[in-house]
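These notes concern the structure reproduced below.
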Amino acid sequence: MAGARPNFMKLAPIYFELKKYKQFKPIIVHTGQHYDKEMSDLFFRDLKLPEPDVYLGVGSASHAVQTARIMQAFEPVCLKEKPDMVMVVGDVNSTIACALTAVKLGIKVAHVEAGLRSFDRTMPEEINRILTDQISDMLFTTGKDADENLRKEGIDSKKIFFVGNVMIDSLLRSITVIKKKQITVIKEEPYALVTLHRPSNVDNKKTFSRIMKALSSISKWIPVIFPVHPRTAKAITRNRRHIRVLGYQYVDIRRPEYQVKNQIILTKPLGYLEFLGLMKNAALVLTDSGGIQEETTILGVPCLTIRENTERPITITQGTNKLVGTNPDRIIREAEKIIRYHCNRSLNRCNRRSQRKRRPKYWDGKAAARIVRVLRNT
Ligand code: UD1
């Protein structure tokens, strides 16, 4: 089961691993939580996934309506296909909706990326994570800290399997493709790469304009490339008058003639490979995404997370991540430190020195194989 952009790179390695064994007949169900070409189709293409076997086409709505629609549409699929197991990934509304539907029909549920906790229940994802873990029969985790979180919530150790990070399976596989194809969407160096989409950052006018102000200051030093999530695009439109003074423009970054000086460069959401290519060569990444904190850790790219907490603390202790919150002065100060450290004084050339410390255990490209091994042995 998958539904939203961050699900697809987690689903792909598991699907391909399952396909190696005759005993498994994986069926891909796409809920349609994300439906734009840039948020879905490009990912299926880049990950070489086949078309979903079932497309529920639920689309966007409030949390209650979206979750209910997914459950309503997924139940007949379960009744028709009678699967032995429903496997859900991540922490989006599709994750909890499909898990809940399956468990009520007496179908076993496996949750991939279980046990992550931000301990911030104002995040919709935190609620999805806690509830999905409570009703899952098999919980596959990316780190020992997640195992510990699950045990503290009373989950039987026998259900917990520390297998590593499937998103890194996709990353490592795709990096070789990027190298071969030389995917570059920007020649300017150094540059900062930004993603923002958390409701707490973009739906709140004051917070959003404070972050945009910080990005505007950073763009005076180096170009700031900002692929814009649909939720964030709405926030930009809503606050257009308010943030116009900060200097930004929408451009197609594949065209050579775009102007990047002193501007935040906004682009449409990018495909998986294009985005990885941009991230790999960035001087720094500023983000509020969960997955990008993990990907920058493996790529050795400095990451500033525009949030007060993270459900992925391992990216701080063993990776390149730093929490900077939403205070513009703090964001600017931390970005400046990275730019000065990693780039030479004139800021014309960036040597992108790797910040990598240690790669977390089992973030090695073999997590899906471990999951399938567990499934074969049970
Ligand atoms: C969802 C997930 C979040 C994940 C994020 C990744 C939940 C609760 N949130 O948040 O955990 O990090 O995806 O992107 O599941 N929209 C489009 N086209 C699309 C999809 C959405 O235009 O293909 C617009 C809709 O107007 C929608 C808004 O974006 O209302 C937000 O989409 P939604 O799926 O509700 O939440 P995300 O913010 O994407």
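The values are calculated or read from the model by the stated rules, or taken from the named source; none is laboratory data. Please read all numbers here as calculations on a predicted model, not as lab measurements. Cβ atoms come from the backbone with ideal geometry, glycine included; neighbour counts cover every protein chain shown. Ligands, DNA and RNA are stripped out before the accessible areas are found, and what is left, the full protein with its side chains, is counted by its heavy atoms. Shrake-Rupley method; radii C 1.70, N 1.55, O 1.52, S 1.80 Å.
Scanning the range 275-303 for residues that are assigned to a loop (DSSP other than H, G, I, E, B) and more than 26 Å from Ala114 (Cα to Cα) turns up Asn281, Ala282, Ala283. Between Val89, Val29, Val77, Val103, which is in contact with a strand residue (DSSP E or B) (Cβ under 8 Å, 6 or more places away or on another chain), within 15 Å of the ligand (Cβ to nearest atom) and touching a residue at least 24 places away in the same chain (Cβ under 8 Å)? The match here is Val89. Every condition in (1) within 10 Å of the ligand (Cβ to nearest atom); (2) modelled with pLDDT of 95 or more holds for Phe43 except the one numbered (1).
When Arg312 is tested against the conditions (1) over 17 Å from the mean Cα position of the chain (by Cα); (2) part of a loop (DSSP other than H, G, I, E, B); (3) basic (Lys, Arg), the lone failure is (1). Screening the candidates Leu116, Leu131 for the property of being aliphatic (A, V, I, L, M) and within 19 Å of the chain's Cα centre (by Cα) yields one hit, Leu116. Report yes if Asp252 is of a type in the set (D, E, K, R), within 16 Å of the ligand (Cβ to nearest atom) and either open to solvent by less than 40 Å² (accessible area, probe 1.4 Å) or modelled with pLDDT under 70 (or both), otherwise no. Taking the combined requirement at face value, the residue does not satisfy it.
Each residue in the range 128-154 was checked for being surrounded by fewer than 24 Cβ atoms within 10 Å (Cβ to Cβ) and either more than 23 Å from Thr315 (Cα to Cα) or modelled with pLDDT under 95 (or both), and 6 of them qualify.
Among residues belonging to the range 356-377 that are over 18 Å from Tyr15 (Cα atoms) and open to solvent by 60 Å² or more (accessible area, probe 1.4 Å), point out the one that is modelled with the lowest pLDDT. Selected residue: Arg356. Residues in the range 50-59: is at least one under 25 Å from Gly164 (Cβ atoms) and more than 16 Å from the ligand (Cβ to nearest atom)? Scanning the range 50-59, I find at least one residue that is under 25 Å from Gly164 (Cβ atoms) and more than 16 Å from the ligand (Cβ to nearest atom), so the answer is yes.
Within the range 155-177, the only residue that satisfies the criterion of being of a type in the set (D, E, K, R) and open to solvent by less than 40 Å² (accessible area, probe 1.4 Å) is Asp169. Residues of the range 32-65 that are out of contact with any strand residue (DSSP E or B) (no Cβ under 7 Å at 6 or more places or on another chain), more than 22 Å from Ala368 (Cβ to Cβ), touching a residue at least 12 places away in the same chain (Cβ under 8 Å) and not in a loop (DSSP other than H, G, I, E, B): Glu38, Met39, His63. Within the range 1-31, being among the β-branched types (Val, Ile, Thr) and either outside the structural domain of Ala68 (by TED's automatic domain parsing) or within 17 Å of Ile371 (Cβ to Cβ) (or both) holds for Ile14, Ile27, Ile28. Scanning the range 288-297 for residues that are open to solvent by 10 Å² or more (accessible area, probe 1.4 Å) and touching a Lys or Arg at 6+ places or on another chain (Cβ under 7 Å) turns up nothing.
State all residues of the range 262-298 that are within 22 Å of Arg330 (Cα to Cα), at pLDDT below 90, touching a helix residue (DSSP H, G or I) at 6+ places or on another chain (Cβ under 9 Å) and aliphatic (A, V, I, L, M); if no residue qualifies, say none. Ile264 - this is the single residue of the range 262-298 that is within 22 Å of Arg330 (Cα to Cα), at pLDDT below 90, touching a helix residue (DSSP H, G or I) at 6+ places or on another chain (Cβ under 9 Å) and aliphatic (A, V, I, L, M).
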